[in-house]
Structure formats: C-alpha cells, structure tokens
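**Student:** Got a structure for you, written out below as structure tokens; questions coming shortly.
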Amino acid sequence: MSFGEDSPEVDVVVIGGGIVGLAAAYQISLRYPDRQVVVIEKEQVLAQHQSGHNSGVLHSGIYYRPGSLKAINCREGRTAMVAFCQENEIPHDICGKVIVATREDELGRLDDIYRRGLENNVTCEKLDADKLRSLEPYCNGIAAVHVKEAGIVDYRRVCFRLCELIQDLGGEVRTSTRLTGVIKRSDEIVVETTTGTLRTSLLINCAGLQSDRVAALCGHEPEVKIVPFRGEYFELSDSAQHLCRNLIYPVPDPAFPFLGVHFTRMIGGAVECGPNAVLAFAREGYTKWTIDLSDLWDSVGYRGFQRMAARYWRVGLGEMRRSYFRSAFLKSLQRLIPAVQAKDLIPAPAGVRAQALRKDGSLVDDFVIQKEGNFIHVLNAPSPAATSSLNIGNHIASQAADVLAS
C-alpha cells in the first residue's frame, strides 16, 4: 500500500492494548482486510491493567437490564468468546456458578435476578438449600440461582492470541508507545506518540483507566469521569481450595453491582476471593501505598465523586474497614463459606476498576461507546467487558463503516 503526501499513513489507530482495544483491531482487520490497523500500548507488555487483573470469569449476562449494551454484548460476546477459545485452543471451562442468598431479605432480589436471566435467555434454575449444597457442599445459603453457562478463562492468553492474529492479518501492535498528542485536520488525524507520529483517518480510544483523558486530548468533552477503585483479593491456600468447587457469588446490591466478595476458581486451579473495593490513590494504584497526588485530586476534586461519597459514605467506610482489617474481610467471606479461616487467606494481586461517574454522582452501569466524527471513544467498559470484548469489537467495527467502507 502506498501513501501520497495527503493520505493517512495508516487507516486506523487504536489506543490501548487491553482486550477491548485488541478485539476492536481484530474485528476491523477481519472486516476490512485492505485497511492497515495499528494498536499502540504504553506498557511494555499487553493486558497489564484491567484485562490482566480480573477473575477470568466468562459471564452469562444474567444481571444486566434486558436490551442494554451490557446484556446484548455479554450474551453474544460470551458465545463468540467460547468459540474463539475453542478455535485457538485457549484453556477455558464452562463450570457454572451459583448466586447465593444467605438471608431472607435477599430472596426478593434473587428472584429478580432469576427473572432477568430468563428475559436475557440465560440457562439458569432456582435451587433450594439442599440442591445448593449438592453443587457447593461448603456454601452457606438458603436459596440460590444456578447459572450453568458461566465459566472461566485466562484473558491474558486471549489478548496475546488476538495480538498474533492482528499481525497475521497485516496489522501492527506497538508496545512501549505512549500517546502524547492528537491534532485533528480536515482530512486526517495526526497521532503523536513517544515512538513517532502517525497519520490516520480513524482513531479508536480504548484506553481504559485513561479513556476520559485520551478523549479530552482528542478534543472530546466526555460527560463522565473515570474514578479508579482498587479491588483487593486473597487466594485460598492449597489446603482450603476444596471449599469452593467453581464460582460462588452473593446476591448483589443493585446500587453497587460491582461490590460484594465472591469465590472464583481460576483456570489454573487456584481459588480467588474478593474483591474489596476502595478508592485508588492513583489511576494505576495497585497497592495501598501507590499515590499520585494529581490523580488523587482529579478524583476527590470531581463534583460527581463528592456527591457519590456524601451519599454512600457508610458503604465506603465498610469497604475501607475490610481493606485494613483482615478479620472484617474474613467475616464477609464466611457469610458464603463459614469454614474459611484466617490461615486460609493468602494475599493476591489487586486490580483497578475504571469506574465512570456522572457529575450528579451516579455510577455509569452500562457500556458507553461514543462516536464523534472520525473518533470512537470507549468511555466505560466495566465487567463484563472481557466476556463481551469480541462483540464490542464487532460493534466498533460497524461504527467505523462510514470511514472505512468508502
């Protein structure tokens, strides 16, 4: 392919080498094989943030509002992800999970989840306490919903395979390449990076924890701000792994669906428990001691965060208490599995969730993907984004049709 002086150097630049950015680049490369796609990632290795710091769950779509982007993309994305793993020999296991009510006041919400699952065409069934114990003998619960379609996978492996396929299709993935500037001209976008300048006709922002900042760099004023929440985890010791066979989840609080500790068997056999969720003091603050004053002020100085904190400070204090006192974390875990003891808990790496907040203090629950001219911005892609990634990538490829199909 040759380029004239006024032609773009490449057809598409994707910012972000996580699973959503890679899936978008892959789907565009499949749909438009004559278009040149370049992914840029600031880290030395792909999938270093949300894509590589998650529980590896293949979600079913049972929780999400019917008709929402989450529900649609999760259902279709799960099917696509399972097929992708089968075709590419990526280890995965459709092991199922249970959503467990431990108190009478949770039964109504459990019924709501079951009905929502049926509306979303999820294969699920109600369980009484005896049937629950036949699946998870050590689990404490008075009722549950069994979600047979849920599973586990290694999303890092998925990311690395996507990278290989993008390159096989003629695309390029550049690591250790940080975005430094974006200039919009009448017929092209100039993308300035630490490894050189690219000219392109389409820029796709899949920057995750930095997505709102990248959008601002592109001249877009997002209606949401990313506030980072650190998810803290433990793993069960080898001698305690038998306490959880597969996936055990609590009934979620509708106001904070990402809260609530759960047990997850990982694809390698370990059992992860958590997360506890607290404000991270840096956009990429994976420990309690990682502090970036600019990032911290960006969060706490935001009116939306202040309103959320004023409304839900008790919830925040509870999460902080579990963060600093293992006994409090253990108590939450014992609601689901009473036999777990402090000696069974081994600290595990934390993750940071890019939570989009509105100015009114409300949490953005659905995916937010906005197209503005020759820019596509993925401004909110929380769980189940990894499960949904191939379908999100297909959605982005469709949005790009007016630029790439001509």
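The values are calculated or read from the model by the stated rules, or taken from the named source; none is laboratory data. The structure displayed is predicted, hence computed values, not measured ones. Here Cβ is always computed from backbone atoms with ideal geometry, including for glycine, and neighbour counts include all displayed protein chains.
**Student:** Take the residues in the stretch 39-93 that are charged (D, E, K, R) and not in a loop (DSSP other than H, G, I, E, B), then tell me which one is farthest from Leu22 (Cα to Cα).
**Tutor:** Asp93
**Student:** Note down all Cβ pairs under 6 Å where the first residue falls in the stretch 172-196 and is farther than 11 Å from Ile15 by Cβ, the second is buried (at least 17 other Cβ atoms within 10 Å of the Cβ) and among the basic types (Lys, Arg), and they're at least six residues apart or on different chains.
**Tutor:** Glu188/Arg199; Val190/Arg199
**Student:** Out of (1) surrounded by 15 or more Cβ atoms within 10 Å (Cβ to Cβ); (2) touching a helix residue (DSSP H, G or I) at 6+ places or on another chain (Cβ under 8 Å); (3) not charged (D, E, K, R), what's the single condition that is false for Ser327?
**Tutor:** (1)
**Student:** Also: Report yes if Gly361 is surrounded by 15 or more Cβ atoms within 10 Å (Cβ to Cβ), assigned to a loop (DSSP other than H, G, I, E, B) and small (Gly, Ala, Ser), otherwise no. Quick ask: steps written out before the conclusion?
**Tutor:** Numbers: surrounded by 15 or more Cβ atoms within 10 Å (Cβ to Cβ): yes; assigned to a loop (DSSP other than H, G, I, E, B): yes; small (Gly, Ala, Ser): yes.
Judged against the criteria, Gly361 is a match.
**Student:** Exactly one of (1) of a type outside the set (S, T, N, Q); (2) more than 25 Å from the chain's Cα centre (by Cα); (3) assigned to a loop (DSSP other than H, G, I, E, B) is unmet by Gly108. Its number?
**Tutor:** (3)
**Student:** Right, next: Can you spot a residue in the stretch 325-333 that is in the same structural domain as Leu296 (by TED's automatic domain parsing), touching a Ser or Thr at 6+ places or on another chain (Cβ under 9 Å) and under 26 Å from Phe234 (Cα atoms)?
**Tutor:** Yes, because at least one residue in the stretch 325-333 is in the same structural domain as Leu296 (by TED's automatic domain parsing), touching a Ser or Thr at 6+ places or on another chain (Cβ under 9 Å) and under 26 Å from Phe234 (Cα atoms).
**Student:** Evaluate the following for Thr290: is it in the same structural domain as Lys343 (by TED's automatic domain parsing), in a strand (DSSP E or B), among the polar types (S, T, N, Q) and at pLDDT 95 or above?
**Tutor:** No: the conditions fail for Thr290.
**Student:** Still on this structure: Strands (runs of 3 or more DSSP E) wholly in the stretch 151-204 with at least 1 residues that are under 23 Å from Ala215 (Cα atoms) - which ones?
**Tutor:** In the stretch 151-204, the matching strands (runs of 3 or more DSSP E) lie at 172-174, 179-184, 189-193.
**Student:** Residues that are surrounded by 23 or more Cβ atoms within 10 Å (Cβ to Cβ) and hydroxyl-bearing (Ser, Thr, Tyr): does the stretch 205-217 have at least one?
**Tutor:** Looking for residues that are surrounded by 23 or more Cβ atoms within 10 Å (Cβ to Cβ) and hydroxyl-bearing (Ser, Thr, Tyr), one finds at least one in the stretch 205-217, hence yes.
**Student:** With the structure loaded, tell me whether Glu221 is touching a residue at least 12 places away in the same chain (Cβ under 8 Å) and either under 30 Å from Leu107 (Cα atoms) or surrounded by fewer than 22 Cβ atoms within 10 Å (Cβ to Cβ) (or both) or whether it fails that test.
**Tutor:** no
**Student:** Suppose we keep only residues that are basic (Lys, Arg) and surrounded by fewer than 23 Cβ atoms within 10 Å (Cβ to Cβ) within the stretch 41-74. Which one would you say is farthest from Pro228 (Cα to Cα)?
**Tutor:** Arg65
**Student:** Additional query: Pick from Thr175, Thr200: which is more than 22 Å from Ala385 (Cβ to Cβ) and either assigned by TED's automatic domain parsing to the domain that holds Lys371 or surrounded by 18 or more Cβ atoms within 10 Å (Cβ to Cβ) (or both)?
**Tutor:** After applying the criteria, what remains is Thr200.
**Student:** Another question, if that's okay. Can you spot a residue in the stretch 30-38 that is modelled with pLDDT of 95 or more, touching an Asp or Glu at 6+ places or on another chain (Cβ under 7 Å), assigned to a strand (DSSP E or B) and under 21 Å from Ala386 (Cβ atoms)?
**Tutor:** There is at least one residue in the stretch 30-38 that is modelled with pLDDT of 95 or more, touching an Asp or Glu at 6+ places or on another chain (Cβ under 7 Å), assigned to a strand (DSSP E or B) and under 21 Å from Ala386 (Cβ atoms).
**Student:** Mind checking which pairs have a first residue in the stretch 264-282 that is on the phi < 0 side of the Ramachandran plot and free of Cβ contacts under 8 Å to residues at least 40 places away in the same chain and a second that is basic (Lys, Arg) and part of a strand (DSSP E or B), Cβ under 8 Å, 6 or more apart or different chains?
**Tutor:** Val271/Arg265
**Student:** I would also like to ask the following. Name the residues in the stretch 302-337 that are farther than 27 Å from Leu357 by Cα, among the hydrophobic types (A, V, I, L, M, F, W, C) and in a helix (DSSP H, G or I), would you? Give the derivation first.
**Tutor:** From the stretch 302-337, those farther than 27 Å from Leu357 by Cα are 325-328, 330-331, 333-337; that's our starting set.
Then drop every residue that is not among the hydrophobic types (A, V, I, L, M, F, W, C), which leaves 325, 328, 330, 333, 336-337.
Within the stretch 302-337, Ala328, Leu330, Leu333 qualify.
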